[in-house]
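The values are calculated or read from the model by the stated rules, or taken from the named source; none is laboratory data. A quick note: this is a predicted structure, and the numbers were derived from the prediction, not measured. Cβ atoms come from the backbone with ideal geometry, glycine included; neighbour counts cover every protein chain shown. Surface areas here come from the heavy atoms of the whole protein model, side chains and all, with no ligands, DNA or RNA. Shrake-Rupley method; radii C 1.70, N 1.55, O 1.52, S 1.80 Å.
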Amino acid sequence: MNKQELILLALDESPFLMLVQRALRAAGYDVAEARDRAALERILQESSPSLLLIGASLQGDSGLKLAAEQLGRFPTLPILLYVEKDSGETAKQVLAAGLSGYIFPPLRTEDIVTAVTRSLARARHLGDWVRREVKRTTSTLQKQVHELDAIFQNLGDGVIILNKNHRILLLNHTVQTLFGVDSKAVTGLPLDEAIPHPDLLSLLHHAATEEAKIHEIHFDDKRVFAARSTLIPEIGSAITLQDISHLKELERLKTDFVHTVSHDLRSPLTSVLGYAELVARTGPLNEHQTEFISRLQASVKQITTLVNDLLDIGRMEAGFDTRRETVHLETILARTLDMVNGQLRSRNLRINVEKDASLPALKANPLRLSQMLDNLIGNAVKYSGENGAIDIKIHAEDGLVIFSIKDSGPGILPADMPHIFEKFYRGANIPDGVSGSGLGLAIVKSIVDNHQGRIWVESTLGQGTTCFVVLPAEA
């Protein structure tokens, strides 16, 4: 037994108090006394006793209540309650309060010492167990932290963790290598000060106002990374960077190939079409020859249109479409509807146009917007079939011009929806006899993207498809 252990007695003046003092001192314990609540709280705070022995009442205060309060402040303190009489209710109250136990008369000196010794031994055993568990848990947590740090640092993708004020909390080895910074030197600094890369700062600027969107980070060595900012609740945000240099190179090679092939096809196609027209001038043609020439011309024109579409996409993707002037979408729409009026009548299609009385102008390329409407309205006409209906709406909202067109066609299969803007992609449920190259919506999306707009499609099988285009109004 440690003879320096202090036992605090919170008992009213009584013969039992004197008995306890003599018994504990004789057993080698130090004893302190608290005669009221204030003294009890002061001594507990200053002396850190090994055990508290408290009476059922202390200067009119409930000993059980005082004991429960002290356990709230000192959860590991063993407390014994002294009561004048044992009862089943007392046992329940002591257990409910979380005390070490209780004692009651008749009591001999050895009974008091034994109760105190047992309570202290139990407290020491519990303390040892808690320390072992804390040590084990701490060791496990340290191991997990080490493993997570190893994973984080060795990720091939770059990761930057920011707090709510855009100060750096963590960044992995990939980011340090990319931007030539040291983790210890930049931790705690604002991102724009620690890594002043213009593309990264642009991502940070737009992350506050946009949903998660991929931005490209370009480096002087021609590498390109796709960066995305994601909010982390109660912490801040995470910026991830993925190397897409190889994908950009493949895209460039593909674009160059398509552009080169398309350009090289143009001249021979023009020659074929010219010679086909000259054949008719060489002399009279019979009915079959005339039909063959007509089919040849139609096929060449179809291929020429395809080549022109590919060249258009190539120009837009290469950033060559820079022409901008003030235009009104409703004016271009009116011209487009005039051009398809014959098709509408031949198919007996009803077309309904709803638009705001006054629409803001756009800063755009009028030829591209005309091409966009040609493709969208042309698709609606093709897929609506005969006796169908097409609904067109244009309205302005929050500095945006919103265009939508709904057809009465067969709709788009859910499996096809993610691919409808891909080049040469055509849905699996397209009706027989509906021709197309699969480039129409790809061209439309390129035009919309070039004008900093957004496009999406909603469709219900058997009920038709609605295409939405949102373009920024001229400032």
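If you roll a 1.4 angstrom probe over the protein chains with everything in place, what fraction of the accessible area of the chain belongs to carbon and sulfur, to the nearest %? Don't jump to the answer; show the numbers that get you there.
Values: 14960 of 27470 Å².
That share works out to 54 percent.
Assuming R0 = 41 Å, can you tell me the calculated FRET efficiency for the pair Leu169 and Asp61, based on Cβ-Cβ distance, to the nearest 0.05?
Working: r = 49 Å, r/R0 = 1.20.
So the FRET efficiency works out to roughly 0.25.
Over every pair of different alpha-carbon atoms in the chain, take the mean of 1/r and invert it; report that Kirkwood radius in Å. Walk me through the numbers on the way to the answer.
Details: mean 1/r = 0.0321 Å⁻¹.
Kirkwood hydrodynamic radius for the chain: 31.1 Å.
Counting pairs of alpha carbon atoms under 8 Å apart in space and at least six apart in sequence, what relative contact order in percent does the range 76-137 give? Don't jump to the answer; show the numbers that get you there.
Details: 45 pairs, mean separation 22.9, N = 62.
Dividing the mean separation by the residue count of the range 76-137 yields 37 percent.
What's the extension gain from Leu107 to Asp149 if we count 0.36 nm per residue and subtract their Cα-Cα distance? Display every interim value, and only then the final one.
Details: separation 42, 0.36 × 42 = 15.12 nm, distance 6.01 nm.
Stretched fully, the Leu107-Asp149 segment lengthens by 9.1 nm.
If Lys and Arg each add +1 and Asp and Glu each add -1, what is the summed charge of the other residues whose beta carbon sits under 13 Å from the beta carbon of Leu241?
Values: positive: Arg223, Arg228; negative: Asp157, Asp199, Glu216, Asp243.
Cβ neighbours under 13 Å give a net charge of -2.
Stokes-Einstein diffusion coefficient for the range 1-158 at 20 °C in a medium of 1.002 mPa s, Rh from the Kirkwood formula over Cα pairs: what value in µm²/s? Could the numbers behind the result be given before it?
Numbers: Rh = 17.5 Å.
Reported coefficient: 122 µm²/s.
Out of all DSSP beta bridges in the chain, what portion is antiparallel? Express it as a percent rounded to 5.
Details: 49 of 70 bridges.
Of all bridge pairs located within the chain, approximately 70 percent are antiparallel.
Would you mind checking the range 433-475 for residues with the amide N under 18 Å from a putative spin-label position 7 Å along Cα→C-beta of Met339?
436-448
Rolling a 1.4 angstrom probe over the protein heavy atoms, how many square angstrom per residue are accessible across the range 344-475? Don't skip to the end; give the middle numbers.
Details: 6450 Å² over 132 residues.
Ligands and nucleic acids excluded, the result is 49 Å² per residue.
Within 12 Å, Cβ to Cβ, of Gln59, how many net charges do the neighbouring residues add up to if Lys/Arg are +1 and Asp/Glu are -1?
Numbers: positive: Arg35, Arg37; negative: Asp12, Glu13, Asp36, Asp61.
Charge balance near Gln59 sits at -2.
Compute the FRET efficiency between Thr140 and Tyr275 as 1/(1 + (r/R0)^6), taking r as their Cβ-Cβ distance and R0 = 60 Å, and round to the nearest 0.05.
Numbers: r = 82 Å, r/R0 = 1.37.
Efficiency at R0 = 60 Å is approximately 0.15.
Treating the angle as unsigned and between 0 and 90°, give the value, to the nearest 10°, between the Cα long axis of helix 287-317 and the longest Cα principal axis of the chain.
Value to nearest ten degrees: 40.
What is the local net charge at Pro106, summed over the other residues whose Cβ is closer than 15 Å to its Cβ (Lys, Arg +1; Asp, Glu -1)? It would help to have the intermediate numbers written out before the result.
On the way: positive: Lys85, Arg108; negative: Glu84, Asp86, Glu110, Asp111.
For residues surrounding Pro106, the net value is -2.
As I understand it, the value is the acute angle between the Cα axis of helix 245-279 and the longest principal axis of the Cα atoms of the chain; what does it come to in degrees, rounded to 10?
20
222 nm [θ] for the chain, helices only, -39500 (n - 2.57) per DSSP H run of 4+, per residue, to 500?
Numbers: 15 runs with 227 residues, N = 475.
Helices in the chain give a 222 nm mean residue ellipticity of -15500 deg cm²/dmol.
How long are the semi-axes of the equivalent ellipsoid of the range 398-475, defined as square roots of 5 times the Cα gyration tensor eigenvalues? Whole Å, largest first. Don't jump to the answer; show the numbers that get you there.
On the way: eigenvalues 121, 43, 19 Å².
Taking √(5λ) for each eigenvalue gives 25, 15, 10 Å, largest first.
Report the extension gain between Ala185 and Ala238 in nm, rounded to one decimal, defined as 0.36 nm multiplied by the number of residues separating them, less their alpha carbon distance. Don't skip to the end; give the middle numbers.
Working: separation 53, 0.36 × 53 = 19.08 nm, distance 1.91 nm.
Roughly 17.2 nm would be gained on extension.
If you count only protein heavy atoms with a 1.4 Å probe, what accessible area per residue comes out for the range 79-220, rounded to a whole Å²? Kindly include the intermediate steps, with their values, before the conclusion.
Values: 9140 Å² over 142 residues.
Accessible area per residue, the range 79-220: 64 Å².
Where a Cα-Cα gap under 20 Å defines reach, which lysines qualify for Lys135, not counting those fewer than 8 residues away within the same chain?
By straight Cα distance, Lys135 reaches Lys143.
Extending each Cα 7 Å along its Cβ direction at His395 and Arg324, get the distance between those two points in nm, one decimal.
Using points 7 Å along Cα→Cβ, the separation is 2.8 nm.
Could you put His395, His288, His218 in order of accessible surface area, largest first, with the 1.4 Å probe and the full protein assembly present?
Details: His395 65, His288 120, His218 85 Å².
In descending accessible area the options line up as His288, His218, His395.
Longer than 30 Å from Cα to Cα, which of Lys301/Lys423; Lys164/Lys184; Lys164/Lys445 are they? Say none if no pair is.
Lys164/Lys445
Within straight cross-link reach of Lys355, meaning Cα distance under 21 Å, which lysines are found once same-chain residues fewer than 8 apart are removed?
Within reach: Lys363, Lys393, Lys406.
Tilt of helix 198-207 relative to the longest C-alpha principal axis of the chain, in degrees (0 to 90, nearest 10)?
Compared with the principal axis, the helix lies near 70 degrees.
Filter the trypsin sites (Lys or Arg not before Pro) in the range 164-261 to those in DSSP coil with at most 15 other Cβ atoms within 10 Å of their Cβ, and list the result.
Working: sites: Lys164, Arg167, Lys184, Lys213, Lys222, Arg223, Arg228, Lys248, Arg252, Lys254; in loops: Lys164, Lys213, Lys222, Arg223.
Within the range 164-261, the qualifying trypsin sites (Lys or Arg not before Pro) (loop, at most 15 other Cβ atoms within 10 Å) are Lys164, Lys213, Lys222, Arg223.
Quick one: which of 271-282, 449-460 comes out on top by average Cβ neighbours within 10 Å, and what's the full order, highest first?
Per-residue Cβ counts within 10 Å, averaged per peptide and sorted highest first, yield 449-460, 271-282.
Can you give the relative contact order of the range 1-77 as a percent, counting alpha carbon pairs under 8 Å and 6+ residues apart?
It rounds to 37 percent for the range 1-77.
Contour minus end-to-end for His206 and Asp36, with contour as 0.36 nm per residue of separation and end-to-end as the Cα-Cα distance? Before the final figure, lay out each step's value.
Details: separation 170, 0.36 × 170 = 61.20 nm, distance 6.43 nm.
Length gained, His206 through Asp36: 54.8 nm.
Can you give the percent of C-alpha pairs in the range 61-138 whose distance is more than 16 Å?
Details: 1727 of 3003 pairs.
For the range 61-138, the fraction of Cα-Cα distances above 16 Å is 58 percent.
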